[in-house]
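Inspection log for the structure reproduced underneath, given as structure tokens.
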Amino acid sequence: EEIIQLATTSNNIWRGKYSSFLDANTLNSYINCLDRWGAAQSANSAENLLEKMTNQEQFSGIKIPRGFKIPLPNAGTYNSVMALWALVGGSEGQNGVNDVYSSLEQQLASVRSDDECLVRPNIETFKTLLAVNSVVDGHFSLEQAKLWLDKIRQKSDIICGVTFVPDADVYNAALSLLPNKSNADSSENPFSKSWLKYGYRYDGGFKGVKCSNTEALDIANWLLYAEENGAIPNVSMYEAVIQAWTDTGTKEGLLMAEEWAKRAISSSSQTRLDTFHPIIASWALCRLERAPDRVQEWNNQLSAISETKPQLKPSLDTLSAQITAWKNVQAGIMAKLSQTEQPPSEKTMISNSEVRRDAGMIFSAAKNCKQFLEEIYANGSRLDDSSNIATDAMAFTNMFSDTIEAWGCASRFALLLPTNCSESLDPSQCVDEMLNIGRLFDDKINADVAEENTHHILRVVGRSYSEIASQMHQIDSILDPEEATTYVGRKIIDIEKMLRDYDLYSRKHFAQSSSFANENKSVRHRFYKEVLHGCTGVKSLKDHDHVVNACNLIMDHLSWQDGQCQRGGGGSREVEDVTEIYTTIAQLMGTAVTCPDERMDSLTSVYNNARTFFEKRKKFNASSYATVDRARLLGAMRMAMDEYESTERFIDSFDKPRGRKGFERNSALTFVETMRKKKR
């Protein structure tokens, strides 16, 4: 609302609505409304306005009625223009700030000391001056900060006649314009939308000891320098030191950050939970075996301190770092395994104690994730009574997803081991755990979800279900081909339930879920492909009806999605090719439906369902949700019919006219009916 009011004020000033009683403060507000994204252009425009105000000249951007003058600038005007230049950053922003300040000093030199027009710098002016000049090549410089603080003391004595005594806010100003490396572009930082971004330097492990820590030392020494000069460092200064040490990406840097965090706790500064996020995030991402213990220690310590400092009580989002840490321990082990040039032989695997130790750690991590999730689930009041249910729901969803991924990792590792390596390393057990966690999620979150979370949750659920389906058919890939049943066949009812639950959730929250966002569509289609891939290996005749049900569920879901998209709720109109989904369904109908006539019925239904996705000559007839290659689908249908004697006539029937005036209606369905009558 404040931004809207500022924009309205700016617009009214531009139109001359307030020009009859325009003063410097109103124009300062106008400058503060200028676009921050295009800071350089805005700063140039603001400086131009400052010059016009100083020289009492008309400014093309503001209408001034005849008989009125544009007001003279005050200290706030100079500060507003300098603040814009400070946002530009780099040498350009630094030069801009210094030039504006120089114009302020020139103005002082050109008027008498008792003149009403005299404008002197104030504390905000000096803070901006210190901020831009304490940074060299994007890094904080202790030497420059001290140099400019001395210059500001001298300027204050000479210009203002006041002894400048810097407080914590002034010292913190020197750190305020440092580029926040933890908020790097999302292409560099995969955690840019999560507080884990504060530790992304540790993603993949500790960096080499040769990484520079010069800036971290300078920032830490600046805080000590402030203390030496009688200032009491505030929480922002402590946070700057902690973040600087974690930005090194080294183990030494992380340990130093911990020492400074402990110092912040014992200080009089008002520490907050965010103060400790860089440390917890760094441990959670570093892949060290002891990292989960370090995360737990910090959460326990903060919980204990929260008895006297309630603001430090770990949120559900912060507690979730425990699961992230275990999952990253697994990631480190799998990364080490993937660096091996050739997979170890069965004999080597059995005798290799390191591999057996890694296997134990991977499974222990998955079990720990599940145990922690169950503890959070059991403490239902944490989620239900939270003051921020939306954030907690997101945190719980991420924990649910990470725990499923942890068991998926355990399953993948177990598949690499010989079957006789250990009874405890059973991939089917992993999938069972994944299914149990999925049910836990349905009970806790699926019933009532905040509107703002639905887009994220829909994507997370799709990814999790895809992981489960993928691990199911991976297990089938190592089973004895002579076995009568497959693992997917034994779990086909669970697969149907996942499809139904996913569809139910999509429909229930359709209005809020952004189902047609490209990322959500890709996740949905990957889930379908994983399910269909697993179904292709089902052998038991008693499971074939369930396979057909799964195929029909997927086709119904796609039809419903297309219908909603056509009604205008689709957002992005970028279509995705789903030909593979339909050709796989046609293949499954060929194996699951044994009666040739019934098979033709089923394949006709597949074709009719896919028709809406065929490319049309007229743009308004084409689906805006997905596309299917008709020729490839017909080819798959021909193969599904095997060598049945009427296959070609059946396939050809799809090319004949359908129900148009002047043509015989001879669809594939009527062809099937005709064949049945002949057999009678």
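The values are calculated or read from the model by the stated rules, or taken from the named source; none is laboratory data. In this text the structure is predicted, and so the values were computed from the model without any measurement. A quick note on method: Cβ atoms are made from the backbone with ideal geometry, for glycine too, and the neighbour counts reach across all protein chains shown. Note: areas computed on protein heavy atoms with side chains; ligands, DNA, RNA excluded. Shrake-Rupley method; radii C 1.70, N 1.55, O 1.52, S 1.80 Å.
Of the residues Ser646, Ser623, Ser605, which single one is open to solvent by 20 Å² or more (accessible area, probe 1.4 Å) and either touching a Phe, Trp or Tyr at 6+ places or on another chain (Cβ under 6 Å) or among the polar types (S, T, N, Q) (or both)? Quick ask: steps written out before the conclusion?
Numbers: Ser646 fails: open to solvent by 20 Å² or more (accessible area, probe 1.4 Å); Ser623 fails: open to solvent by 20 Å² or more (accessible area, probe 1.4 Å).
The conditions single out Ser605.
Give the stretch 205-227 a look and list any residue that's of a type in the set (Val, Ile, Thr) and touching a Leu at 6+ places or on another chain (Cβ under 8 Å), or say none.
Within the stretch 205-227, Ile219 is the sole residue that qualifies.
Is there a residue in the stretch 337-360 that is within 27 Å of Tyr198 (Cβ to Cβ) and modelled with pLDDT under 95?
Checked the stretch 337-360: no residue is within 27 Å of Tyr198 (Cβ to Cβ) and modelled with pLDDT under 95.
Residues being surrounded by fewer than 19 Cβ atoms within 10 Å (Cβ to Cβ) and not β-branched (Val, Ile, Thr): count how many of those fall in the stretch 129-141.
Number of matching residues: 3.
For residues that are open to solvent by 40 Å² or more (accessible area, probe 1.4 Å), part of a helix (DSSP H, G or I) and among the polar types (S, T, N, Q), tally how many sit in the stretch 588-602.
Going through the stretch 588-602 one residue at a time, the tally reaches 1.
Only one of these conditions is not met by Val628: (1) of a type in the set (A, V, I, L, M); (2) more than 19 Å from Leu553 (Cα to Cα); (3) touching a Phe, Trp or Tyr at 6+ places or on another chain (Cβ under 8 Å). Which number is it?
Unmet for Val628, out of (1) of a type in the set (A, V, I, L, M); (2) more than 19 Å from Leu553 (Cα to Cα); (3) touching a Phe, Trp or Tyr at 6+ places or on another chain (Cβ under 8 Å): (2).
Yes/no matrix, rows are residues, columns are (1) closer than 19 Å to Leu373 by Cα; (2) at pLDDT below 90:
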site	(1), (2)
Phe413	no, no
Ser424	no, yes
Met434	yes, no
Asn453	no, yes
Ile457	yes, yes
Ser464	yes, no
Ile468	yes, no
Gln471	no, no
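Inspect all residues belonging to the stretch 197-214 and state whether any of them is in a helix (DSSP H, G or I), surrounded by fewer than 16 Cβ atoms within 10 Å (Cβ to Cβ) and more than 27 Å from the chain's Cα centre (by Cα). Talk me through it step by step, then tell me what you get.
Looking only at the stretch 197-214, we keep the residues that are in a helix (DSSP H, G or I), and these are 197-202, 214.
From what's left, surrounded by fewer than 16 Cβ atoms within 10 Å (Cβ to Cβ): 214.
Filter once more, keeping what is more than 27 Å from the chain's Cα centre (by Cα): 214.
Yes - at least one qualifying residue is present in the stretch 197-214.
Those residues that are under 15 Å from Val170 (Cα atoms) and open to solvent by 40 Å² or more (accessible area, probe 1.4 Å), I need them from the stretch 142-154; list them, please.
Gln144, Lys146, Leu147, Asp150, Lys151, Arg153
Of the conditions (1) more than 24 Å from Ser364 (Cβ to Cβ); (2) part of a loop (DSSP other than H, G, I, E, B); (3) of a type in the set (A, V, I, L, M), Leu288 clears all except one; give me its number.
(1)
Return the residues of the stretch 295-319 that are free of Cβ contacts under 8 Å to residues at least 12 places away in the same chain and open to solvent by less than 60 Å² (accessible area, probe 1.4 Å); say none if nothing qualifies.
Correct list: Ser303, Ser306.
Is it true that some residue in the stretch 569-580 is modelled with pLDDT of 90 or more and of a type outside the set (D, E, K, R)? Reasoning before the result, please.
Narrowing the stretch 569-580 to residues modelled with pLDDT of 90 or more: 577-580.
Restricting the remaining residues to those that are of a type outside the set (D, E, K, R) gives 578-579.
So far as the stretch 569-580 goes, yes, one or more of its residues are modelled with pLDDT of 90 or more and of a type outside the set (D, E, K, R).
Across the stretch 155-166, what is the number of residues that are among the polar types (S, T, N, Q) and open to solvent by less than 70 Å² (accessible area, probe 1.4 Å)?
Counting residues in the stretch 155-166 that are among the polar types (S, T, N, Q) and open to solvent by less than 70 Å² (accessible area, probe 1.4 Å) gives 1.
How many residues are surrounded by 15 or more Cβ atoms within 10 Å (Cβ to Cβ), farther than 18 Å from Phe527 by Cα and within 32 Å of the chain's Cα centre (by Cα) when one looks only at the stretch 484-509?
Residues meeting the conditions: 1.
Would you please list the contacts, defined by Cβ atoms under 9 Å and residues six or more apart or on different chains, that run from a residue in the stretch 471-484 that is outside any helix (DSSP H, G or I) to a residue that is open to solvent by 80 Å² or more (accessible area, probe 1.4 Å) and hydroxyl-bearing (Ser, Thr, Tyr)?
Ile478/Thr419
Here are Arg638, Arg676, Arg660, Arg665: which of them is outside any loop (DSSP other than H, G, I, E, B), modelled with pLDDT under 95 and either open to solvent by less than 10 Å² (accessible area, probe 1.4 Å) or more than 26 Å from Thr584 (Cβ to Cβ) (or both)?
Values: Arg638 fails: either open to solvent by less than 10 Å² (accessible area, probe 1.4 Å) or more than 26 Å from Thr584 (Cβ to Cβ) (or both); Arg660 fails: outside any loop (DSSP other than H, G, I, E, B); Arg665 fails: outside any loop (DSSP other than H, G, I, E, B).
Matching residue, one of Arg638, Arg676, Arg660, Arg665: Arg676.
Do we find that Ala231 is within 26 Å of Lys309 (Cβ to Cβ), at pLDDT 95 or above, within 26 Å of the chain's Cα centre (by Cα) and open to solvent by less than 50 Å² (accessible area, probe 1.4 Å) in this structure?
On the way: within 26 Å of Lys309 (Cβ to Cβ): yes; at pLDDT 95 or above: yes; within 26 Å of the chain's Cα centre (by Cα): no; open to solvent by less than 50 Å² (accessible area, probe 1.4 Å): yes.
So Ala231 does not fit the description; no.
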